[in-house]
Amino acid sequence: MISISRLSFSFGKQLALKDINFSMRQGEFVFLCGPSGAGKTTFMRILHGALAVQRGKVDVAGYNMNTLSENRKHFLRRDVSVVYQDFKILPDQNVFANVELPLKVRGVARHIIDKRVRAVLRSLQLDKKAQTLCEELSGGEQQRVAVARAVVVKPKLLLADEPTGNLDRDLAMRMMDIFQQFHKFGTSIMIATHNQEILERMPCARIVTLENGVMHEERLMHGVTP
Amino acid sequence: MMVFFRLFFQGIRDLFRVPWSLCMTLAAITLVCFLGGAFLLVLHNFNLQIEARHGNVQFQIFWNTQADKEEVQKTWAGLSAMEGVVNVRTFTPDQALDVLGESFQKNIDLDWMKGRSPLPPTAILDCQVPDAEQTKWAQSTLSTLKALPHVEKVSFNPLQVDLLTSWVGFTKMAFWPVIVFLLLVVALVVGNTIKLALLTRREELEILRFVGASRAYIQFPLLVGGLFQGVMGSALALGLLGLAFHFIKDLLNIPPLWITISFLPSMHCLTMLGLLGAVGMLSSLVALRN
């Protein structure tokens, strides 16, 4: 699903990612751990095509990120969904409109959109807020809208940057259950987090650690090294 | 096809999300188009007047009142054979008196002067101005007419030839630069509005990209927005021009001009709508490319 060799990325003179080698198989569940400023978001943005590869070779979901032109990036983004830390939802539109957006841009039929959006909203306990404007929602609810929008298209790969950051414990655990459900249906998932509790909830997940732009540790929960 | 129509209407709907910006842009386009339309209207009516007169000039010849009637009539018979002459109208002193009486709109009775009219025998020559050497031709015709027997005076306004020549030259010279200038102004106005829309909707467009929208999906509504602004602005301008026309159409329909102003032909109006729509769309495309 993901194959990266010798990836480096810098903002001006500041090196954000240093010589990273990484691979992820289809159907894998990966936690990307590390402190703030370690380069997790930069790493995810490269995987989603929001940042161009500067050095190294990156393949995501069958797309060569080194050669993928801006005109063709939407093909990648239809296979790879992302939940950003700042949610990136439309505040002046309601929950339903935000969640249906990726289905609309794919030209999915109206009745299928309605069915799928309602199902996802129900699973994230947002069904009663479907017609509420997103700017009127709490941070946690906005985060759930972002997650709903990412999973509604059943992507091949789901990237989530701190998806439980604004949620209380119960909702965070519920969110992880939803990710687990999608994982069971074959979606590859990578979650950037530093929440130890959710790491423990996914004992079979693989954990990768980024620190100062260096991916220096890779292990499975329960101490099994791949 | 459904997606096409949905995006088409979304492009128009999106414009109304920033109504003030839309109003200002439409006002600017409308004013520029109104200016262009008014210029076209003036050109169109000038051309109509020139066409109505077939680009002719007139010579009016007055004979001596004492001249022999038969000799004058012999001269009249030869006038139509002269170079460039397309129409000859002749007036005996009595006929001239009738015309004079008509011009008073029967307020004054001149019948008592019949048979002893003080007016001279007169002829009016309508001449087609040749394409080349117009001034030379006018001078030579004037000399020939003055040399006719018993001719006392020949009236001719050399300005007619000069005006005709100047007008044709002016329309050739000024038409395209003025139209191109006005189109450029419209393109800049629409282009700036689209750029403004791109700036205000930057986050929304970024989100659309993130959720997998293609470039065409994002850009098509903006192109439709440009098209709509161009067409709407020119339609409003034509409406305004029609309103102004309603008030001025009979402004020159008074003696001695008797000129009725005509509105732009429908083909001109359609061309204006199409051209402005295309310019709006093109400028949106340039704004998007930048």
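The values are calculated or read from the model by the stated rules, or taken from the named source; none is laboratory data. Because the structure is a prediction, the values reported are computed rather than measured. Note that each Cβ is placed from the backbone with ideal geometry, even for glycine, and that neighbours are counted across all protein chains shown. Keep in mind that these areas ignore ligands, DNA and RNA; they rest on the heavy atoms of the full protein, side chains included. Shrake-Rupley method; radii C 1.70, N 1.55, O 1.52, S 1.80 Å.
Here are the numbers for the structure shown:
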| item | result |
| --- | --- |
| Complete set of residues in segment B:209-257 that are of a type in the set (Val, Ile, Thr), at pLDDT below 90 and under 23 Å from the mean Cα position of the chain (by Cα) | B:248, B:254 |
| Residue within segment A:183-200 that is farther than 14 Å from residue A:29 by Cα, loosely packed, with under 13 Cβ neighbours inside 10 Å and modelled with pLDDT under 85 present | yes |
| Pairs with Cβ under 9 Å, 6+ apart, first in segment A:181-208 and closer than 14 Å to residue A:164 by Cβ, second outside any loop (DSSP other than H, G, I, E, B) and of a type in the set (S, T, N, Q) | A:189/A:180; A:192/A:41; A:201/A:180; A:202/A:180 |
| Segment A:165-176, residues that are in contact (Cβ under 8 Å) with a residue 12 or more places away in the chain and either assigned to a helix (DSSP H, G or I) or open to solvent by less than 10 Å² (accessible area, probe 1.4 Å) (or both) | A:169, A:171, A:172, A:173, A:174, A:175, A:176 |
| Segment A:123-157 - residue that is part of a loop (DSSP other than H, G, I, E, B) and surrounded by fewer than 20 Cβ atoms within 10 Å (Cβ to Cβ) and, of those, farthest from the other protein chains (Cβ to nearest Cβ) | A:125 |
| Per-region count, segment A:74-95, residues open to solvent by less than 40 Å² (accessible area, probe 1.4 Å) and within 14 Å of chain B (Cβ to nearest Cβ) | 13 |
| Number of the condition not met by residue A:111 [criteria: (1) within 24 Å of residue A:26 (Cα to Cα); (2) open to solvent by 30 Å² or more (accessible area, probe 1.4 Å); (3) more than 8 Å from every other protein chain (Cβ to nearest Cβ)] | (1) |
| Unique residue being more than 14 Å from every other protein chain (Cβ to nearest Cβ) and surrounded by 18 or more Cβ atoms within 10 Å (Cβ to Cβ) when the list is B:81, B:96, B:67 | B:96 |
| One residue from B:212, B:233, B:239, B:274 being away from chain A (no Cβ under 14 Å) and buried (at least 20 other Cβ atoms within 10 Å of the Cβ) | B:233 |
| Answer from A:61, A:52, A:38, A:16 - the residue that is small (Gly, Ala, Ser) and without any contact (Cβ under 8 Å) to a residue 60 or more places away in the chain | A:52 |
| Number of the exception - residue B:46 against (1) open to solvent by less than 80 Å² (accessible area, probe 1.4 Å); (2) farther than 30 Å from residue B:283 by Cβ; (3) assigned by TED's automatic domain parsing to the domain that holds residue B:252 | (1) |
| Filter result for the condition that a residue is facing chain B (nearest Cβ under 9 Å), assigned to a helix (DSSP H, G or I) and open to solvent by 50 Å² or more (accessible area, probe 1.4 Å), over A:71, A:98 | A:71 |
| Output for segment B:119-141, where each listed residue is free of Cβ contacts under 8 Å to residues at least 60 places away in the same chain and either among the charged types (D, E, K, R) or closer than 16 Å to residue B:61 by Cα (or both) | B:119, B:120, B:121, B:131, B:133, B:136, B:139, B:140 |
| Residues (over 16 Å from the mean Cα position of the chain (by Cα) and not in a helix (DSSP H, G or I)) located in segment B:258-290 | B:258, B:290 |
| Looking only at segment B:170-205, and only at residues there that are open to solvent by less than 50 Å² (accessible area, probe 1.4 Å), within 14 Å of chain A (Cβ to nearest Cβ) and assigned to a helix (DSSP H, G or I), the one that is nearest to residue B:276 (Cα to Cα) | B:205 |
| Meets criteria (within 14 Å of another protein chain (Cβ to nearest Cβ), touching a helix residue (DSSP H, G or I) at 6+ places or on another chain (Cβ under 8 Å) and aliphatic (A, V, I, L, M)) for residue A:58 | no |
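The rows are residues; the columns are (1) free of Cβ contacts under 8 Å to residues at least 40 places away in the same chain; (2) out of contact with any Phe, Trp or Tyr (no Cβ under 9 Å at 6 or more places or on another chain).
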residue: A:108; (1), (2): yes, yes
residue: A:115; (1), (2): yes, yes
residue: A:119; (1), (2): yes, yes
residue: A:123; (1), (2): no, yes
residue: A:130; (1), (2): yes, no
residue: A:140; (1), (2): yes, yes
